[in-house]
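> Here you go, one structure.
The values are calculated or read from the model by the stated rules, or taken from the named source; none is laboratory data. Given the structure is predicted, the values throughout are model-derived calculations rather than measurements. Here the Cβ is made from the backbone with ideal geometry for all residues, glycine too, and neighbour counts use every protein chain on show.
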Amino acid sequence: MIHSHAHIAGTGLLTAIGPDTASCFESLRNGSSGIGPATLLSTHWKDELPVGEVKLSNEALAALSGADPQWPRTALLSAAAVHEAWQPFAEAAQGLRCGFFSANTVGGMDLTESFYPAFRQDPLAGNNASFINHECGAVTELVARHFGFRDFATTLSTACSSSANSIMMAAQMIEAGLLDIAVAGGADALSRFTLNGFNTLMILDRQPCQPFDGQRRGLNLGEGAGYLVLMSDKALAQCGVPSLAYVSGYANANDAYHQTASSPEGTGNQLAMQHALAQAGLQSSDISYINLHGTGTANNDSSEGKAIEALFGTAVPPASSTKAYTGHTLGAAGGVEAVISTLSLTHNILFPTLRWQTPMEEISFRPLTELLTGVPVQHILSNSFGFGGNCSSLVFSKS
Amino acid sequence: MNVFLHAPGTVCAASAPGNGGSWQSEALLPDNNRLPVVEPDYTQFIAPMQLRRMSKAVRMGVAAARMSLTGAGLERPDALSIGTAMGCLQDTEVFLAKMTEQNEQMLTPTAFIQSTHNTVAGQIALLTGCNGHNLTYVHRGLSTEHALINAWLYLKQHPGETVLTGGLDELTASSYTLMERAGVYADTFAGEGAGFFLASLEAPTKGPALQLTGLFQADGVDPAEAAVVLLQRVKEISGTPQLILSGQTTDNRYDDFYAAAEEQWPEVPKAQFKNGTGEFATAVSVGVAQLLQSMQTGNCPSWWNVLSPRTGNIVVWNNYLDCYSCWVLSVVDNL
């Protein structure tokens, strides 16, 4: 029994293709990718591994939200997007129970990894400020306190599905009548730790990635933050705002196959999509568009593609990966792509899979490769599949 | 809220008594201000080939999970919901160290793969063949509580199922040094451990259980204010408890929080479980698991100085730095 759907009333977005939802929307419409050489991240690989870097220094990010520039970069990215999302509602939401559901995988690692070399030589070296916000939850706390979210704040970390899971939990709590409003999503910053980690797995593309392409070579890492402002019916009324769309379904399942690779048939992917559709009370034929996880790795795209065919048969709706624009933003991906899905629903517009050239042999469908406008978009399925076999699917529906 | 907690499994500083056994009688003494876990013979829970490749955090988590499941006669849970504030520290540091020494070159993936926060939950799913819902919470001293809230939200939508839940955190030489520098262990000692149990909407048919009827938290406020908020919530749903499982340590910064409980319930015995676990963000998970183990054996650890509860309500009253939580439990005795 649900008290109210979790309505999407607003969004906050910050990625390599723009510092807010409107500018990201512009880039999405124009086919402007944000993938290129790292210019802010200091790394041995800066000229070899393209990334979706947010071209704003920590100082510039801090200025967007009034945060302290000494914070870890993940917290700064998060705060900037939360600022965009929350600003329109902060005052009108007085007296309502508001929660903050965030996610990240890297925590304050950008500061920790710079602190570590000196610490390794001398345990007393360096500044406490460099590591006291290392843990994932500390990054959330900084942002929650900055914006005054006192009723409930939490942090999830399930690799690439992290912020999809934040949105799921937030929706559940609104549906259960436990909260009136939830700002839900996630953030992640580029770091040497993550870049090198993914490099050892040999799944990084040395060129801008080509998701769902037969010749794909891997993924590009990205960074950013994406949040939805979810509201109950009561909160919408009090804030005097319309419902843009609502969260109609969600599910998390586990592939239980391998720590970093998906099972060939995409078992976990299938279960997540299937259960999310069931939760939404929808058939596969009701889905207007799939926002693919679509990282561009040989393994993900193959497993995800096969899982989609298992569920949709020959009737696969338009499907694209927007990671060709933003890179794979890891803990932020679910949130970033939830905002992009909201744009699609509210503007009846579907975004292409950039740089696609050749079909994959192992599946029959091709991803959407051109911008589609004026299409009736009713229900969107958004996939986020992560390490540890963690598979999440969300369904967003037009109000 | 109404969830039954049962079938405990722990890897911690105090070995759980076996069938009909009793807790070790001597108090646990920290060494160099830390109380590391006593690692069990893992081969009874994990095949040697798999064990070889596991970090300490993963070993602890998998073993505690297997203990819990075996106790309930289950091969796998339907879903998993785990809390860990710091994740897999040892592997994180191994990768960081190599990255530093080798200037980002010639690195190998193992440590990186194992460093992600949901590694333990992912491994448990892999080894038990569990395709179900599986989330990991990383919210500081409330990680265990939030994992439990998630378990409850899941169970409300899947009523007949069973969720494996709990918390874990590991202690490494570096984490100790850094947390000490940050003032985490002022006047108390550091610990580590894994405390797991099963959660379901129906009471188990055999074995003791705890019925969780309230889970309240306060965060980022001063200890006295936290106590006021939590006491108000508890009193709405419960009379005087029979026992308080207290997270109090010798760190006197939080005395006001515990003094308020003492003032409210002066006659109620208080078991200071961190005497046997040390302080860490998810220590409460071990405390609650040990409470279930105490109910199984009929006696509590000697350092709790209390009798094993047979009926009535139990309140868990805990803090980790400025994260405060209060659990309201009632004893379900199916022995």
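> Need a quick list: helices (runs of 4 or more DSSP H) entirely within the range A:114-217 having at least 2 residues that are more than 10 Å from chain B (Cβ to nearest Cβ) and crowded, with 24+ Cβ neighbours inside 10 Å. Please lay out each step first, then the result.
On the way: elements: A:136-147, A:162-175, A:192-200.
By residue number, A:162-175.
> Among residues belonging to the range B:104-115 that are part of a helix (DSSP H, G or I) and within 7 Å of chain A (Cβ to nearest Cβ), point out the one that is surrounded by the fewest Cβ atoms within 10 Å (Cβ to Cβ). Explain how you work it out, then say what you get.
Of all residues in the range B:104-115, those part of a helix (DSSP H, G or I) come to B:110-115.
So of that shortlist, the ones also within 7 Å of chain A (Cβ to nearest Cβ) come out as B:112-113.
Working: B:Phe112: 26, B:Ile113: 21.
Ranking the qualifying residues of the range B:104-115, first place goes to B:Ile113.
> Still on this structure: Pairs only if they're at least six apart or on different chains, beta carbon under 6 angstrom, first in the range A:126-141 and closer than 17 Å to B:Asp322 by Cβ, second of a type in the set (D, E, K, R) and buried (at least 19 other Cβ atoms within 10 Å of the Cβ); list them, first residue then second.
Within 6 Å, the pairs are A:Gly137/B:Arg140.
> Still on this structure: Go through the residues of the range A:85-97 one by one and say whether even a single one is under 21 Å from the mean Cα position of the chain (by Cα), assigned to a loop (DSSP other than H, G, I, E, B) and either within 13 Å of chain B (Cβ to nearest Cβ) or surrounded by 24 or more Cβ atoms within 10 Å (Cβ to Cβ) (or both). Spell out the reasoning first.
The initial filter retains those residues of the range A:85-97 that are under 21 Å from the mean Cα position of the chain (by Cα), namely A:85-87.
In the following step, the residues that additionally are assigned to a loop (DSSP other than H, G, I, E, B) were identified as A:87.
Restricting the remaining residues to those that are either within 13 Å of chain B (Cβ to nearest Cβ) or surrounded by 24 or more Cβ atoms within 10 Å (Cβ to Cβ) (or both) gives none.
No; the residues of the range A:85-97 include none that is under 21 Å from the mean Cα position of the chain (by Cα), assigned to a loop (DSSP other than H, G, I, E, B) and either within 13 Å of chain B (Cβ to nearest Cβ) or surrounded by 24 or more Cβ atoms within 10 Å (Cβ to Cβ) (or both).
> Could you please tell me which pairs satisfy a Cβ distance under 8 Å, a separation of 6+ or placement on different chains, a first residue in the range B:170-195 that is among the β-branched types (Val, Ile, Thr), and a second residue that is not in a loop (DSSP other than H, G, I, E, B)?
B:Thr172/B:Leu89; B:Thr172/B:Gln90; B:Thr172/B:Glu93; B:Val184/B:Ala190; B:Val184/B:Glu279; B:Thr188/B:Lys274; B:Thr188/B:Glu279
> When only residues in the range A:37-69 that are over 16 Å from A:Ser191 (Cα atoms) and in a loop (DSSP other than H, G, I, E, B) count, which is farthest from the other protein chains (Cβ to nearest Cβ)?
Per the criteria, the residue is A:Pro69.
> Can you name the condition, by its number, that B:Lys235 falls short on among (1) surrounded by fewer than 19 Cβ atoms within 10 Å (Cβ to Cβ); (2) charged (D, E, K, R); (3) touching a residue at least 24 places away in the same chain (Cβ under 8 Å)?
All conditions are met except number (3).
> Just the residues that are touching a His at 6+ places or on another chain (Cβ under 7 Å) and small (Gly, Ala, Ser), please, taken from the range A:126-175.
Listed by number, the residues that qualify are A:Gly137, A:Ser157.
> Identify, from the list A:Asp255, A:Asp301, the residue that is touching a Gly at 6+ places or on another chain (Cβ under 7 Å), within 14 Å of another protein chain (Cβ to nearest Cβ) and acidic (Asp, Glu). Give the derivation first.
Values: A:Asp301 fails: within 14 Å of another protein chain (Cβ to nearest Cβ).
The unique qualifying residue is A:Asp255.
> Let me ask something else about it. Under 8 Å between Cβ atoms, which residue pairs at least 6 apart in sequence (or on different chains) link something in the range A:308-322 that is more than 11 Å from A:Ile290 (Cα to Cα) with a partner that is hydroxyl-bearing (Ser, Thr, Tyr) and assigned to a loop (DSSP other than H, G, I, E, B)?
Correct list of pairs: A:Glu309/A:Ser364; A:Thr314/A:Ser364.
> Further question on the same structure: Please go through the range B:116-143 and give me each residue that is assigned to a helix (DSSP H, G or I), buried (at least 24 other Cβ atoms within 10 Å of the Cβ) and either more than 7 Å from every other protein chain (Cβ to nearest Cβ) or of a type outside the set (A, V, I, L, M, F, W, C) (or both), ordered by number. Give the steps one after another, and end with the answer.
Taking the range B:116-143 and keeping what is assigned to a helix (DSSP H, G or I), we get B:119-128, B:140-143.
Going one step further and asking which of them are buried (at least 24 other Cβ atoms within 10 Å of the Cβ), we end up with B:119-125, B:140-143.
Of everything in the range B:116-143, those that are assigned to a helix (DSSP H, G or I), buried (at least 24 other Cβ atoms within 10 Å of the Cβ) and either more than 7 Å from every other protein chain (Cβ to nearest Cβ) or of a type outside the set (A, V, I, L, M, F, W, C) (or both) turn out to be B:Thr119, B:Val120, B:Gly122, B:Gln123, B:Ile124, B:Arg140, B:Gly141, B:Leu142, B:Ser143.
> Turning to a different aspect of this structure: Being touching a Pro at 6+ places or on another chain (Cβ under 6 Å) and modelled with pLDDT of 95 or more, is that true of even one residue in the range B:296-312?
no
> Report the residue count in the range B:231-253 for those that are under 23 Å from B:Gln290 (Cα atoms) and either assigned to a helix (DSSP H, G or I) or of a type in the set (Gly, Ala, Ser) (or both).
Filtering the range B:231-253 down to residues under 23 Å from B:Gln290 (Cα atoms) leaves B:234, B:238, B:240-251.
Now drop any that are not either assigned to a helix (DSSP H, G or I) or of a type in the set (Gly, Ala, Ser) (or both), which leaves B:234, B:238, B:246-247.
The number of residues fulfilling the criteria is 4.
> Any chance you could count how many residues in the range A:197-216 are among the charged types (D, E, K, R) and more than 17 Å from A:Asp47 (Cα to Cα)? Outline the logic, then answer.
Kept after step one, since they are among the charged types (D, E, K, R), are these residues of the range A:197-216: A:205-206, A:213, A:216.
Subset that is more than 17 Å from A:Asp47 (Cα to Cα): A:213, A:216.
Matching residues across the range A:197-216 total 2.
> Out of the range A:23-33, which residues are surrounded by 18 or more Cβ atoms within 10 Å (Cβ to Cβ) and either within 16 Å of A:Asp188 (Cα to Cα) or of a type in the set (Ser, Thr, Tyr) (or both)?
Within the range A:23-33, the subset surrounded by 18 or more Cβ atoms within 10 Å (Cβ to Cβ) is A:24-25, A:27-28, A:33.
Result: A:Ser27, A:Ser33.
> Something else now. Would you please list the contacts, defined by Cβ atoms under 6 Å and residues six or more apart or on different chains, that run from a residue in the range B:248-272 that is within 17 Å of B:Ile314 (Cα to Cα) and in contact (Cβ under 8 Å) with a residue 12 or more places away in the chain to a residue that is surrounded by 15 or more Cβ atoms within 10 Å (Cβ to Cβ) and of a type in the set (Gly, Ala, Ser)?
Listed by first residue and then by second, the contacts come to B:Ala260/B:Ala227; B:Lys270/B:Ser246; B:Gln272/B:Ser246.
> Restricting to the range B:6-49, give me the number of residues that are at pLDDT 90 or above, surrounded by 15 or more Cβ atoms within 10 Å (Cβ to Cβ), under 20 Å from the mean Cα position of the chain (by Cα) and among the hydrophobic types (A, V, I, L, M, F, W, C). Steps first, please.
First, pick out the residues of the range B:6-49 that are at pLDDT 90 or above: B:6-13, B:30-49.
Applying the additional criterion that residues be surrounded by 15 or more Cβ atoms within 10 Å (Cβ to Cβ) yields B:6-13, B:30, B:34-37, B:40, B:42, B:45-46.
Applying the additional criterion that residues be under 20 Å from the mean Cα position of the chain (by Cα) yields B:6-13, B:30, B:34-37, B:40, B:42, B:45.
Now narrow it down to the ones that are among the hydrophobic types (A, V, I, L, M, F, W, C): B:7, B:11-13, B:35, B:37, B:45.
Matching residues across the range B:6-49 total 7.
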